[in-house]
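The values are calculated or read from the model by the stated rules, or taken from the named source; none is laboratory data. Please read these numbers as outputs of a predicted model, since none were measured by experiment. Heads up, the Cβs are rebuilt from the backbone with ideal geometry, glycines too, and the neighbour counts pull from every protein chain shown. The protein model used for the area step is the full one, side chains on, heavy atoms only, and it has no ligands, DNA or RNA in it. Shrake-Rupley method; radii C 1.70, N 1.55, O 1.52, S 1.80 Å.
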Amino acid sequence: MDNINITLPDNSVKTFPEGITAQEVADSIGPGLARAVVVAKINGNLKDLNYKIFRDSSLELFTGDTPEGHDTLLHSTAHLMAQAVKALYPNAKFTIGPTIQNGFYYDFDLDVSFTEDSLALIENKMKELSKKNQEIVRCEVSASEAINIFEKMGESYKVEIVGQINPEDTISLYKQSDFIDLCRGPHVSDTSKIKYFKLLSTSGAYWRGNEKNKMLQRIYGTVFSTKNSLKNHLYNLEEAKKRDHRKLGKELKLFSFDDEVGPGLPLWHPNGTILIEQLETLAKDMERKAGYDQVRTPHLTKGSLYDKSGHLDHYKDSMYPAMDVDGTEYYVKPMNCPHHHKIYSAFPRSYRDLPIRLSEYGTCYRYEKSGQLFGLMRVRSMQMNDAHIYCTKQSFKEEFLAVCNMYLYYFEIFGIEKYRMRLSLHSKDGLGEKYVNDPELWLETEQWVREALIEGKLDFEEVEGEAAFYGPKIDVQVWSAIGKEFTLATNQVDFAVPRKFGLSYKDENGKDRTPLCIHRAPLSTHERFIGFLIEHFGGDFPLWLAPVQVAVLPISDKVLDYSNLIYDELKSAGVRAILNNRPDKIGAKIRQAELEKINIMLIIGEKEVEEKMISVRRRFEGNTGTIGIDELKLILVKEIKTRSLSHRKETATTT
């Protein structure tokens, strides 16, 4: 048997007999790595640990605490769960079981409804199967062979999936004992590597996400490489439940949904409307300083406008159906951009006018499938922090970076410490269908964005195939205080649609040129951003953003006159205050204010009246002493005007 050379990440080279596996290489390095490794990368491609190597190769070994290793663990645990379900419920049919962020799910078709007791039963079965050290074996067969295998097993959903593949194509199956599943892999070498897992919840899910198909049962779960990592994750999940924006939105009387209004159409209550107004004030202040002009556009538009913009070609499935008005099709608007293009084109433009920055908190309507609606995060009616910047090629980088820096300023205001910018690029195979068919301009524009980010010293990653249909974009991922990831802002370059609309400006030589257009929404939509802020702050908003900033709490009716005086002074200073004059004991009033997450409580008793002072209690700090009303107003107004984050609960993220 010949020997082969294996090059490790530190460039060291080890010699092994040909046919050695990645697991065996790990065994030769040390018992700790042998136990911890879960997947390998051989010559740049992820492979199972049992994959045999027959030629000189580079090799990387990944443990379960790496992104590659964790994803492999998640995927393998989904298979282990499906095996356990089939063992306990032989009539269950399994469908798909993908990984998601820090988790996985699997959808099943069976008549029995899963309960909490069911999850415990399945989890115990998984532990039993894990301890059997079942080898996980990959086998490659033709699609037609796979159909025969799954037909014999009675797995109709797998037959349907494989039936969409060319019968002669080779696909991979994975087998552990008598359980077989369709999967491209990779997977761990045996089930003993799957130890620290937890089944989390169940839900309903339509087959293929289509409400016309059968409702299946979905089980969610997670797995980690260490007991402590799993414990920390479960803690964060519990904390996330407490911070769920749907739960807090109801408790804090921010918003609601109503069946008679329609799914995905939020109703903003007075407290929630205050949040909206404060965010709009912030955005408009920032935009005025940055040279933006505010505009307004209608909610309805002729279909011909969206035909010209390309939305009907590329976006129709996400639009509400057309309505016929006197023989003309009208649509509720899903985007503001075509309207802003029309405002730009209403007058002749010169290079001296550019850049032109048009902003609008416009209401848009998008049809999200009912199964995809999720609180404020996925809605059908939304108010977007939208703007379009029309600029020359020469000023593009400066304008694009200014938008990115606006993001960073907002992140500082809201205490967003972790974020990631993702440069979404086109893919060649999508040209002419998913993307505007102009390959040279795509490459040129993507390079402009890349250079702007590098010159601005901004960290980013590139992702192919995620661009908008009209140009590359930056998507911004942010993490909340407890480490939950959200997609919020976007910054997009449009080199195609301005040309379709005939947008132009006169250059220095009097020639007509087409401007570039930057689409940007740094604060996303009211709905998504407020949903994020609710969970980020856990409902404990900083003083400037809080719907109710101060509660005046008289100890008895004897001090109501002085309490009313304090209340009126605060209102006159622009502070959002309430006066709790109910005949409750002061302890009950404080508890009520705490439940309503009111930042500042002013305790008024006979001593305060006599001394013309106020006792101040701050949330998370307790009593902070007494103060006069004039000094208090100065402190509060300054904290509000500077949008200070000083008054908030500090949350340690355990991730």
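Scaled to the compact-protein estimate 2.2 N^0.38 Å, what is the alpha-carbon radius of gyration of the range 207-355, rounded to two decimal places?
Relative to the rule-of-thumb radius for its length, the range 207-355 sits at 1.54.
Could you tell me how far the Cα centroid of the range 202-221 sits from the Cα centroid of the range 255-278, in Å?
If we compute the Cα centre of each part, the gap is 28 Å.
Taking only Cα atoms, what is the 0 to 90° angle, nearest 10, from helix 270-289's long axis to the longest principal axis of the chain?
The angle comes out near 90 degrees.
Could you give the alpha-carbon Rg of the range 26-164 over 2.2 N^0.38 Å, rounded to two decimals?
Dividing the Cα radius of gyration by 2.2 N^0.38 Å gives 1.20.
Can you pull the semi-axes for the range 145-295, root of five times each eigenvalue of the Cα gyration tensor, sorted largest first, whole Å?
That gives 45, 24, 19 Å for the three semi-axes.
Find the accessible area per residue for the range 1-88; the probe is 1.4 Å, ligands and nucleic acids are left out, and the unit is Å².
Accessible area per residue: 46 Å².
Please sort 446-452, 529-535 by packing, taking for each peptide the average over its residues of neighbouring beta carbons within 10 angstrom, highest first.
Ranking the peptides 446-452, 529-535 by packing returns 529-535, 446-452.
Under 8 Å for C-alpha pairs, at least 6 residues apart: give me the relative contact order for the range 87-237, rounded to a whole percent.
The normalised contact order for the range 87-237 reaches 27 percent.
What spacing in nm lies between the two simple spin-label points modelled at Glu631 and Thr487, each 7 Å away from Cα in the Cβ direction?
5.2
Do the alpha carbons of any pairs in Lys86/Lys198; Lys316/Lys506; Lys369/Lys473; Lys241/Lys434 sit beyond 27 Å of each other, and which pairs?
From Lys86/Lys198; Lys316/Lys506; Lys369/Lys473; Lys241/Lys434, over 27 Å: Lys316/Lys506; Lys241/Lys434.
Would you work out which of Ile474, Thr95, Ser192 lies farthest towards the positive end of the dipole of the chain, given +1 charges on the beta-carbon of Lys and Arg and -1 on that of Asp and Glu, about the Cα centre?
Towards the positive end, the residue furthest out is Ile474.
Taking 41 Å as R0, compute the FRET efficiency from the Cβ-Cβ separation of Val325 and Ile165 and round it to 0.05.
After rounding to 0.05, the efficiency reads 0.35.
Accessible area per residue, 1.4 Å probe, Å², for the range 487-598: what's the number?
38
Send over the Kirkwood Rh of the range 340-429, from the inverse of the averaged 1/r over different Cα pairs, rounded to one decimal Å.
16.6
Positive end of the charge dipole of the chain (Lys, Arg +1 and Asp, Glu -1 on Cβ, about the Cα centre): tell me which of Asn385, Gly163, Thr15 has its Cα farthest that way.
My answer, from the dipole projection, is Asn385.
With all distinct Cα pairs included, what does the Kirkwood hydrodynamic radius of the range 190-242 come out to in Å, to one decimal, could you say?
Kirkwood radius, the range 190-242: 13.1 Å.
Counting Lys and Arg as +1 and Asp and Glu as -1, each charge on the Cβ, what is the dipole of the chain about the Cα centre in debye, to the nearest 20?
Value, rounded to 20: 1160 debye.
Of the trypsin sites (Lys or Arg not before Pro) in the range 140-198, which ones lie in a loop per DSSP and count no more than 15 other C-beta atoms within 10 Å?
Qualifying residues, ordered by number: Arg184.
Checking the a/c ratio against 1.5 first, then a/b against b/c, what shape does the Cα gyration tensor give for the range 465-551?
It is prolate, given that a/c is not under 1.5 and a/b is the larger ratio.
Jot down the radius of gyration and Dmax of the range 150-207, Cα atoms only, both in angstrom.
Radius of gyration, then largest Cα-Cα span, for the range 150-207: 14.6, 39 Å.
As I understand it, the value is the acute angle between the Cα axis of helix 560-572 and the longest principal axis of the Cα atoms of the chain; what does it come to in degrees, rounded to 10?
Helix 560-572 sits at roughly 70 degrees to that axis.
What is the range 1-83's relative contact order, in percent, from Cα pairs under 8 angstrom and six or more apart in sequence?
29
Under a crude label model (7 Å from the Cα following the beta-carbon direction), how far is Asn133 from Glu24 in nanometres?
In this crude label model, Asn133 to Glu24 measures out at 1.8 nm.
Can you grab the distance from the C-alpha centre of the range 315-331 to the C-alpha centre of the range 581-598, Å, no decimals?
51
I'd like the carbon and sulfur percentage of the solvent accessible area for the range 16-58, probe radius 1.4 Å, heavy atoms only, ligands and nucleic acids excluded.
51
Could you look at the range 160-279 and say what percent of its accessible area is carbon and sulfur, using a 1.4 Å probe and all protein chains?
Using a 1.4 Å probe with all protein chains present, the range 160-279 comes out at 49 percent carbon and sulfur.
Take Asn232, project a point 7 Å from its Cα along the Cβ direction, then tell me which residues of the range 40-65 have their backbone nitrogen under 19 Å from it.
Counting backbone N atoms under 19 Å from the label point, the list is 63-65.
How do 257-265, 90-98 rank on mean C-beta neighbours within 10 Å, highest first?
Answer by packing, highest mean first, reads 90-98, 257-265.
Trypsin sites (Lys or Arg not before Pro) within the range 209-245: which are DSSP loop residues with at most 15 other Cβ atoms inside 10 Å?
The qualifying sites are Lys212, Lys214.
Computed from these coordinates, which is log10 I(q)/I(0) by the Debye sum over Cα atoms at q = 0.08, 0.09, 0.10, 0.11 Å⁻¹: [x] -0.80, -0.98, -1.14, -1.27; [y] -0.76, -0.88, -1.00, -1.12; [z] -0.94, -1.09, -1.22, -1.34?
[x]
Below 8 Å between Cα atoms, with a sequence gap of 6+, how large is the relative contact order for the chain in percent?
Relative contact order for the chain comes out at 9 percent.
Counting only Cα, what are the radius of gyration and maximum Cα-Cα distance Dmax of the range 421-529, in Å?
According to the Cα coordinates of the range 421-529, Rg and Dmax are 15.7, 56 Å.
Take every DSSP beta bridge whose two residues both sit in the chain, then give the antiparallel share in percent to the nearest 5.
85
Out of the range 375-441, which GluC sites (Glu not before Pro) are coil in DSSP terms and have no more than 12 other C-beta atoms within 10 Å?
Glu417, Glu433
Could you give log10 I(q)/I(0) at q = 0.18, 0.24 Å⁻¹ for the range 517-628, computed by the Debye formula over C-alpha point scatterers of equal weight, without solvent?
Log10 of I(q)/I(0), two decimals: -0.88, -1.37.
Tally up the carbon and sulfur contribution to the accessible surface of the range 492-597 as a whole percent, 1.4 Å probe, everything protein left in place.
47
For the range 89-177, max minus min Cα coordinate along each principal axis, in Å, sorted largest first?
43, 31, 30
If you take the Cα Rg of the range 270-401 and divide it by 2.2 N^0.38 Å, with N the number of residues, what do you get?
So the Cα radius of gyration is 1.19 times the expected 2.2 N^0.38 Å.
Tell me which aspartates and glutamates have Cα within less than 19 Å of Lys131's Cα, excluding those fewer than 8 residues away on the same chain?
Glu123, Asp178, Asp190
Give the separation of the Cα centroids, the range 479-526 to the range 71-109, in Å.
For the range 479-526 versus the range 71-109, the Cα centre distance is 41 Å.
Roughly what would the spin-label model give for Gln447 and Ser156, points 7 Å off Cα along C-beta, in nm?
In this crude label model, Gln447 to Ser156 measures out at 5.5 nm.
Please work out how much length the chain gains when fully extended from Ser12 to Ser177, using 0.36 nm per residue of separation minus the C-alpha to C-alpha distance, in nm with one decimal.
55.7 nm is the gain from fully extending Ser12 to Ser177.
What shape does the range 88-140 have by the C-alpha gyration tensor, where a ≥ b ≥ c are the square roots of the eigenvalues, rounded means a/c under 1.5, and otherwise prolate means a/b greater than b/c and oblate the rest?
Verdict is rounded for the range 88-140.
Rounded, prolate or oblate: which one fits the range 566-610, using the alpha carbon gyration tensor with axes a ≥ b ≥ c (rounded when a/c is under 1.5, else prolate when a/b beats b/c, else oblate)?
It is oblate, given that a/c is not under 1.5 and a/b is not larger than b/c.
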